[in-house]
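Notes follow once the structure below has been shown.
The values are calculated or read from the model by the stated rules, or taken from the named source; none is laboratory data. Source: prediction; values computed, not measured. Quick reminder, even Gly has a Cβ in these numbers, built from the backbone with ideal geometry, and neighbours come from all protein chains shown.
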Number of protein chains: 2
Amino acid sequence: MPGRVTLPKGPTKRRPQTTARLLEAALDTFAERGFHGASIEEICERAGYTRGAFYSNFRTKEALFLALFDLHAQSVVDRLTQAVDALAELPEDADPVRAVLTRVSTVDEAERRWYLLSTEFTLHAIRRPEAARALAEHDGRLRAEVAGLLGRLFDRLGRRPTVDLDTLARLTTAVHEGSLAQSLVEPDRLAPEELAVTFLPPLFDAVSEKRRTRRARGSRGET
Amino acid sequence: MPGRVTLPKGPTKRRPQTTARLLEAALDTFAERGFHGASIEEICERAGYTRGAFYSNFRTKEALFLALFDLHAQSVVDRLTQAVDALAELPEDADPVRAVLTRVSTVDEAERRWYLLSTEFTLHAIRRPEAARALAEHDGRLRAEVAGLLGRLFDRLGRRPTVDLDTLARLTTAVHEGSLAQSLVEPDRLAPEELAVTFLPPLFDAVSEKRRTRRARGSRGET
DNA sequence: CGTATCGGATACGGATCTGTATCCGATACG
DNA sequence: CGTATCGGATACAGATCCGTATCCGATACG
């Protein structure tokens, strides 16, 4: 009884290639037309395949959508993790809050597409409790990451938060999403990082207190 | 040939009735299925008409969508205006911030539908610059209302804001929308007013200073 | 070199949906 | 009481789109 699970013998090399292209085309198309507005046909066309290829790789349009969401969700988490790591290597005198914010709130085309996609997924989830659970789970992971980042941030600032970090992460996310939306609607009226840069520092300050001068800095001990 | 513009003589009584029902059915349907997902046919069905009635009252599905948005957008402004007025009649010792917040962040079914609709409209606007202008204009009116409300709020608190009220209104909106989204995705994990109630008071405090005890309670504070 | 198998293309049936063009009943008005 | 006009229904033609069933070429492997 060897683990002969799913080891095909024929020509089994192109599959990931194809799925990848389909996913990419799907991202473009969903971003342009929205979930319902995007037809499977157009997605396949853009990817350079026919519908046969699609149904050979995904069961339904929704499955494709979920796969796409998972994929990019993961990339967001990664990006945030990088931000956390980068924080450690920041010069001691830099303003860590601003550093993180400007890093996080760049709005390139990818970010724009991702916003459209994830917002549409949120709408989808509000209507479908099952999808809502999946989304909540992902948001939870993301939020944990944000909370960790905030923890380190306070640490560096020599302050101790007086509120639940998870809840503060919720707020931060809300601000980020909300202001991203506004800056996408009025690209030349509102810089995407403006709200966060303006209000988060004083807020962070307001919901934390100066740490009783215990516990020295762990990682980098230079002045 | 004087200005005989649109003065029909025949049976001209039912029209507003019909449009109203169509609009209502459209709100339901858009909320359930989304813009693209909702078919004109279903909307008419729910309203108790056929497609003929629709095309007699609207030029296209998008026109219907716009009309619906305008209608409800206006109702939101009204609601906020009421909140401002109600503020004036609050007992002197009440916490005005909390009072306003709980009033604004009730999430009934109507609010839910409105969120779905306006968010979808936002997505639509991000893709269509023309729609974006319309949305920006409405958001502007709304924001002015919010800014006025904030102004009165600070006034009552005996504080003077140190930041631009318009920008602060942007932030408030962002928080409201963002946290509304989160509470709709996880209805039993996050109360819709929790983020606002938790963080806005300390933030408002942080971005304002105690007023130099001059100038009694007039009607409105200038810079 | 033959062949089993996999990836993807083609072909097809069926379901919607959209607009328009036309028709009918009801009402305001002379 | 007759009739012009309006509101809305019906009928129709065209356009997608979806999902499946089937077919074909290519490759890994014996």
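Before moving on, here are some points about what is shown:
- Taken over segment B:128-163, the criterion of being modelled with pLDDT of 95 or more and in a loop (DSSP other than H, G, I, E, B) is satisfied by B:Thr162, B:Val163.
- Selection count, segment B:191-206, where residues are within 7 Å of chain A (Cβ to nearest Cβ) and surrounded by fewer than 21 Cβ atoms within 10 Å (Cβ to Cβ): 4
- Segment B:168-190, residues that are more than 9 Å from every other protein chain (Cβ to nearest Cβ) and in a helix (DSSP H, G or I): B:Ala169, B:Thr172, B:Ser183
- Within segment A:161-190, the set of residues being surrounded by 23 or more Cβ atoms within 10 Å (Cβ to Cβ) and farther than 15 Å from B:Glu177 by Cα comprises A:Leu168 only.
- Looking at A:Leu142, A:Leu123, just one residue is surrounded by 19 or more Cβ atoms within 10 Å (Cβ to Cβ) and either over 30 Å from A:Thr18 (Cα atoms) or not assigned by TED's automatic domain parsing to the domain that holds A:His36 (or both), and that residue is A:Leu123.
- For the residues A:Phe54, A:Phe65, A:Phe69, the requirement of being within 14 Å of chain B (Cβ to nearest Cβ) and within 16 Å of DNA strand D (Cβ to nearest atom) singles out A:Phe65.
- Within segment A:114-132, the set of residues being under 21 Å from B:Ala31 (Cβ atoms), within 9 Å of chain B (Cβ to nearest Cβ) and not acidic (Asp, Glu) comprises A:Leu116, A:Thr119, A:Thr122, A:Leu123, A:His124, A:Ala125, A:Ile126, A:Arg127, A:Ala132.
- Test: residue in segment A:202-223 that is polar (S, T, N, Q), touching a strand residue (DSSP E or B) at 6+ places or on another chain (Cβ under 9 Å) and assigned to a loop (DSSP other than H, G, I, E, B): no
- Counting the residues of segment B:143-164 that are of a type outside the set (Gly, Ala, Ser), in contact (Cβ under 8 Å) with a residue 60 or more places away in the chain and under 19 Å from B:Gln82 (Cα atoms) gives 8.
- Of all residues in segment A:48-84, those satisfying the criterion of being buried (at least 17 other Cβ atoms within 10 Å of the Cβ), within 20 Å of A:Arg33 (Cα to Cα) and within 9 Å of DNA strand C (Cβ to nearest atom) are A:Tyr49, A:Phe54.
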